[in-house]
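> The structure follows.
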Amino acid sequence: MTVSFLGWTLDNPIIPASGTFGFGLEYASFFDLNQLGSLTTKAITARPRFGNPTPRIAEVPGGMLNAIGLQNPGVDDVIEVILPKLAQVFQKPIIANIAGSVVEEYLEVIDKLNSEPQIGAFEINISCPNVQEGGMVFGTNATLASDLVRRSKQHSRKPLIVKLSPNVTNIVDIARAVEDAGADALSLINTLVGMAIDREKARPVLANKFGGLSGPAIKPVALRMVFQVFEQVSIPIIGMGGVMTAEDAIDFILAGATAVGVGSANLRDPFACPKIIEALPGLIQHLGWSNIKSMIGGAHEKRHHRL
Amino acid sequence: MSRLVVQSNQWFADKVYQMVLSGAKPHEPGQFVMVEISKGIDFFLRRPFSIADSKNDRLTLLYKVIGRGTSYMTTLIPGDTLDVLEQLGNGFRIDPNRQDVCLIGGGSGVFPLLGLARRLHERGIRPTAFLGFDTKQSACLISELSRVCQVAITTMDGTLGEMGNVCLYQAMYQHSYYYAVGPMAMLKAIAQKTTNGQMSLEERMGCGFGACMGCTIMTKKGPAQICKDGPVFSAGDLIWE
């Protein structure tokens with residue numbers, strides 16, 4: 001079940017995705033978080049953010065829309081209050097998701113979090129669709145993305161994962177640009193921009209009008225993007241998008257993911273991650289593989305020739 | 001998380017169904033549950049429901065049939081099981097020394113007042129309940145509440161009780177404390193008269209346990225999650241635009 005990722009060994013490849021797991025504390029009352037491979041925090045910004053007005057959530061067939069807007073207490077509160085609490089319930093390295101309106105905000109958060117020993121890697125969020133400034137603006141422009149990653153890399157004393165947006169014409173271009181700029185790994189995908197309409201009231205359901213689509217509805221898109229990017233980059237990928245079951249997780253690994261993010265499934269079922277982790281060994285065996293490592297990218301033709 | 005068994009699920013009033021579940025944990029008045037209404041991904045998120053009453057291992061939910069999800073719920077039959085996240089939210093705070101209280105409910109906001117009224121009754125408090133409905137056909141819980149409180153009713157069309165909106169009932173402002181549940185417009189109108197009470201809020205929720213930040217409001221004490229820090233708030237802590 002172990003996989004090597006960014007120089008550390010994950011007990012298993014399952015990692016809750018940013019924004020669906022808070023800072024882990026709510027889930028600690030449901031299960032022992034140390035069962036997880038790692039966990040990704042909610043996006044951290046330099047100053048506290050309230051986020052968008054409500055409604056922020058809408059259910060759609062096969063998933064949901066969210067427009068939270070990066071609500072978080074700010075990096076200082078995260079360091080002083082949240083990380084010490086998390087250390088009591090989770091003893092493995094975590095991935096800190098970082099967001100900002102401007103490049104300097106990302107760098108400020110990185111500088112402050114650099115000395116936190118719990119943090120094993122940073123995940124640079126260049127793909128949040130729910131804020132006016134920053135977020136997806138960086139992730140949909142290869143030049144801006146690579147500039148942000150290059151400067152973040154100069155500041156960071158930890159490995160840098162870059163979380164990509166699917167709301168682009170060609171995700172491979174962005175992936176290559178951030179790899180060239182020094183990214184150590186990629187997370188894909190963030191949510192797809194969508195909307196829902198309340199036809200009784202004749203207006204958008206979300207107060208923000210648009211939100212990010214997640215859930216099983218986006219899994220085929222996410223798989224395709226992981227598959228494409230895997231063939232064109234040499235850094236490891238955390239694959240995510242609509243993972244509900246161990247079967248979904250295996251699909252992402254076969255497409256080329258080294259680790260698998262579980263997102264909105266956590267909201268529906270707080271036990272989603274431990275259930276997937278429990279089911280993985282039996283599924284791997286059933287499919288006739290000896291371990292997870294050997295399955296990474298297994299769905300690619302080149303791999304088939306190699307085998 | 002528990003698997004609860006549907007004991008009954010039947011029409012209760014216009015567009016309102018009553019579902020009784022067994023195998024439940026005890027709940028405080030004002031707490032809520034998140035119900036997974038089917039196993040597939042057709043209904044991706046759980047639905048939050050207030051609790052009309054909790055006794056032994058029985059949970060009584062009243063739910064308004066509004067959309068696809070609640071329409072589907074009406075098809076469940078005794079013996080069906082539901083995956084439910086229980087004991088969510090804070091519930092109403094009861095001060096046994098506070099005798100002169102009233103309950104204010106608008107529409108489906110009346111539902112959680114039953115459990116609260118019964119709990120108050122057990123503590124020797126007999127409140128007055130001011131209930132507002134759209135029309136006579138949607139009025140419910142009147143006989144149940146009448147056993148434990150004084151009941152005053154308004155309907156928007158005047159088919160039952162006084163005609164008009166429940167928050168125009170001047171008598172309720174003569175009580176020294178209130179528990180109010182209902183639409184935001186109703187709560188706002190009450191809060192503008194007096195903030196001496198508690199209010200239970202509703203919002204679309206993603207998770208129900210404080211992780212997704214889908215139901216955040218700004219209060220005088222800072223950002224709060226309705227699901228985890230509420231759903232019951234001191235009226236004086238709320239901010240009205």
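The values are calculated or read from the model by the stated rules, or taken from the named source; none is laboratory data. Source: prediction; values computed, not measured. Note that we place each Cβ from the backbone using ideal geometry, even for glycine, and neighbour counts take in every protein chain shown. These area figures cover heavy atoms from the full protein model, side chains too; ligands, DNA and RNA do not enter into them. Shrake-Rupley method; radii C 1.70, N 1.55, O 1.52, S 1.80 Å.
> Angle between the Cα long axis of helix B:184-193 and the longest principal axis of chain B, 0 to 90 degrees, nearest 10?
Compared with the principal axis, the helix lies near 30 degrees.
> If you don't mind, there's one more thing I want to ask. If you average 1/r over all unlike Cα pairs in chain A and invert the result, what Kirkwood radius do you get in angstrom?
In chain A this quantity evaluates to 19.2 Å.
> Next question. Express the accessible area of chain A per residue in Å², computed with a 1.4 Å probe while the remaining protein chains stay in the model.
Averaged over the residues of chain A, the accessible area is 38 Å².
> Show me you know the interface measure: the accessible area buried between B and A, both chains summed, probe 1.4 Å, in Å² to the nearest 100.
Counting protein atoms only, the buried area is about 2600 Å².
> Ok, one more. How much of the accessible area of chain A, probe 1.4 Å, is carbon plus sulfur, in whole percent?
Whole-percent figure for carbon plus sulfur exposure: 52.
> Same structure, new question: Could you pull out every one of the lysines with an alpha carbon less than 24 Å from that of A:LYS153, ignoring same-chain neighbours closer than 8 positions?
The reachable lysines, counting only those whose Cα sits under 24 Å from A:LYS153, are A:LYS42, A:LYS92, A:LYS112, A:LYS163.
> Rg over Rh of chain B, using C-alpha atoms and the Kirkwood radius, what does it come to?
With Rh from the inverse mean 1/r over Cα pairs, Rg/Rh is 0.95.
> Which of the GluC sites (Glu not before Pro) across the range A:191-299 are loop residues per DSSP, with 15 or fewer other Cβ within 10 Å?
Loop-located and lightly packed - A:GLU200.
> Would you mind computing Rg(Cα) / (2.2 N^0.38 Å) for the range B:2-88, counting N as its residues?
Against the empirical 2.2 N^0.38 Å value, I get 0.98 for the range B:2-88.
> Given labels modelled 7 Å from the Cα in the Cβ direction, how far is it in nm from A:ASP147 to A:HIS286?
A separation of 5.0 nm, rounded to one decimal place.
> While we're on this one: How long are the three semi-axes of the equivalent ellipsoid for the protein assembly as shown, computed from the Cα gyration tensor as the root of 5 times each eigenvalue, in whole Å, largest first?
46, 25, 20
> Among the trypsin sites (Lys or Arg not before Pro) within the range B:1-73, which fall in a DSSP loop and have no more than 11 other Cβ atoms within 10 Å of their own Cβ?
B:LYS39
> Something else about it: Using a 10 Å cut-off on Cβ to Cβ distances, tally the other chain neighbours for every residue of A:257-269 and report the average as a whole number.
For peptide A:257-269, the averaged partner shielding equals 3.
> Cα to Cα, under 17 Å, and not fewer than 8 places away if on the same chain: which aspartates and glutamates meet these conditions relative to B:LYS136?
Reachable aspartates and glutamates: B:ASP14, B:GLU144, B:ASP157, B:GLU162.
> Ignoring ligands, DNA and RNA, what percent of the accessible area of chain B is carbon or sulfur (1.4 Å)?
50 percent
> Go through the range B:205-230 and flag every residue whose accessible area shrinks by 40 Å² or more with all protein chains in place compared to the isolated chain (probe 1.4 Å).
B:PHE209, B:ALA211, B:CYS212, B:MET213, B:GLY214, B:THR216
> Taking each residue of B:42-48 in turn, how many C-beta atoms of other protein chains fall within 10 Å of its C-beta, and what is the average?
If you average over the peptide's residues, the count of other-chain Cβ atoms is 5.
> Moving on to the next point. Could you pull out the trypsin sites (Lys or Arg not before Pro) across the range B:132-241 that fall in loop regions by DSSP (anything but H, G, I, E, B) with no more than 16 other Cβ atoms inside 10 Å?
Sites meeting the loop and neighbour criteria: B:ARG147, B:LYS220, B:LYS221.
> Using Cα positions and a limit of under 23 Å, work out the lysines in reach of B:LYS193, with same-chain residues fewer than 8 apart set aside.
Leaving aside lysines fewer than 8 places away in the same chain, those within reach of B:LYS193 are B:LYS220, B:LYS221.
> Got a sec? Which residues of the range A:51-91 lose 40 Å² or more of accessible surface with every protein chain in place, vs. that chain alone, 1.4 Å probe?
For the range A:51-91, once contacts with the other chains are taken into account, A:THR54, A:ILE57, A:GLU59, A:GLN71 lose 40 Å² or more.
> Search the structure for amide H atoms under 5 Å from the amide H of A:VAL205, placed 1.01 Å from N in the peptide plane, and list their residues when 5 or more places away or on another chain.
A:ALA196, A:ILE197, A:ASP198
> On to the next question. So with the 1.4 Å probe, I'd like the accessible area per residue for the range B:2-88, rounded to whole Å².
42 Å²
> Which value in Å does the Kirkwood hydrodynamic radius of the range B:122-241 take, with 1/r averaged over all unlike C-alpha pairs and then inverted?
Evaluated on the range B:122-241, it is 15.7 Å.
> Note the count of lysine pairs whose C-alpha atoms are less than 21 angstrom apart in the range A:192-307, limited to pairs 8 or more residues apart or on different chains.
Here the count comes out as 4.
> Round to the nearest 0.05 the FRET efficiency obtained for A:GLU301 and B:GLN170 when R0 = 60 Å and r is the Cβ-Cβ distance.
0.15
> Hey, another quick one. Compute the accessible area of each residue in the range A:21-42 twice, once for its chain alone and once with every protein chain present, using a 1.4 Å probe on heavy atoms, and list those whose area falls by at least 30 Å².
A:GLU26, A:PHE30
> Would you compute, from DSSP H runs of 4+ residues alone, the mean residue ellipticity of chain A at 222 nm, taking -39500 (n - 2.57) per run and dividing by the full residue count, rounded to the nearest 500?
So the helix-based figure for chain A works out to -9000 deg cm²/dmol.
> With each label point set 7 Å from Cα along the Cα-Cβ vector, what nm distance links A:ALA207 and A:ASN170?
Between A:ALA207 and A:ASN170, the simple spin-label model gives 4.1 nm.
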